[in-house]
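Chemist: Next up is a structure, given as structure tokens.
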Amino acid sequence: MSGAEIAECTPWEIEKRLDGYARRMKYKRMFTASFVTAPIINGGMRAPKKIITAQKLLPDDFKEEISEEKRQEIAALVKTESARRRKNGGGR
């Protein structure tokens, strides 16, 4: 954003942009830990070892409070989508 764009933003817009940036950085850390860091650590050590997971590397990033209502909503969406895929012959 240019200085003029920042000056024209409301505090709410700036806050939302900062929240979006923080969320993108969190997902970038999680991606890097999942597909780069953890596999390198696990592949580079000698057995016996305890497997390192992305959750162990970034425990705070993987903690996300989800309400029971939201959890049920997600489960219903997954169930509906799975049934639709099976009906169309494209799912498991």
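Just so it is clear, none of the values below were taken in a lab; they were calculated from the coordinates. This is a predicted model, so every value here is computed, not measured. Because the Cβ atoms are built from the backbone with ideal geometry, glycine has one as well, and the counts that use them run over all protein chains shown.
Chemist: Can you give the extra length, in nm with one decimal, that the chain gains between GLU65 and CYS9 once fully stretched, where that is 0.36 nm per residue apart less the Cα-Cα distance?
Modeler: 17.1 nm
Chemist: Same structure again: Using a 10 Å cut-off on Cβ atoms, rank the peptides 20-26, 34-40, 64-70 from the highest mean neighbour count down.
Modeler: Sorting 20-26, 34-40, 64-70 by mean packing, highest first, produces 34-40, 20-26, 64-70.
Chemist: Sticking with this one: Which one, ARG17, ARG71, ARG29, has the greatest fluctuation when you compute a Gaussian network model over the chain with C-alpha springs under 10 angstrom?
Modeler: For the chain, modelled as a Gaussian network with Cα springs under 10 Å, the answer is ARG71.
Chemist: Which FRET efficiency, nearest 0.05, do MET25 and ALA75 yield, Cβ-Cβ r, R0 25 Å?
Modeler: Between MET25 and ALA75 the formula returns 0.30.
Chemist: With an 8 Å cut-off on Cα pairs and a minimum separation of 6 or more residues, tell me the relative contact order of the chain in percent.
Modeler: Result for the chain is 18 percent.
Chemist: Residue by residue, what Karplus-based ³J(HN,Hα) values in Hz, rounded to whole numbers, does region 36-42 have, using 6.51, -1.76 and 1.60 with θ = phi - 60° and x for Gly and Pro?
Modeler: Along region 36-42, the couplings run 10, 5, 4, x, 5, 4, 5 Hz.
Chemist: Pairs LYS28/LYS87; LYS16/LYS56; LYS26/LYS79; LYS56/LYS79; LYS16/LYS50: which are spaced more than 32 Å apart, C-alpha to C-alpha?
Modeler: LYS28/LYS87; LYS16/LYS50
Chemist: With Cβ to Cβ distances under 13 Å as the rule, what net charge do the other residues near MET30 carry (K, R +1; D, E -1)?
Modeler: Once all neighbours under 13 Å are counted, the net charge is +4.
Chemist: To continue, here is another question. Grab the other residues whose beta carbon is less than 12 angstrom from that of ALA75, score K and R as +1, D and E as -1, and report the net.
Modeler: Overall, the nearby charge balance is -1.
Chemist: Tell me, what ³J(HN,Hα) does each residue in region 5-17 have, in order and in whole Hz, if you take phi through Karplus 6.51 cos²θ - 1.76 cosθ + 1.60 with θ = phi - 60° and put x for Gly and Pro?
Modeler: 5, 5, 5, 7, 6, 7, x, 4, 5, 5, 4, 5, 5
Chemist: Taking every Cα atom in the chain, find the radius of gyration and the maximum pairwise distance Dmax, and write them in Å.
Modeler: In Å, with Rg to one decimal and Dmax whole: 20.2, 58.
Chemist: Towards the positive end of the charge dipole of the chain, with charges on Cβ (+1 Lys, Arg; -1 Asp, Glu), say which of SER82, TRP12, GLY43 has the farthest Cα.
Modeler: The residue sitting most towards the positive pole is GLY43.
Chemist: To continue, here is another question. Ranking request for peptides 80-87, 52-59: highest mean number of other beta-carbon atoms within 10 Å first, then the rest in descending order.
Modeler: The most tightly packed comes first, giving 52-59, 80-87.
Chemist: Can you compute 3J(HN,Hα) from phi for each residue in region 80-87, using the Karplus curve 6.51 cos²θ - 1.76 cosθ + 1.60 with θ = phi - 60°, rounded to whole Hz and x for Gly and Pro?
Modeler: These are the phi-based 3J(HN,Hα) values: 5, 5, 4, 5, 4, 5, 4, 4 Hz.
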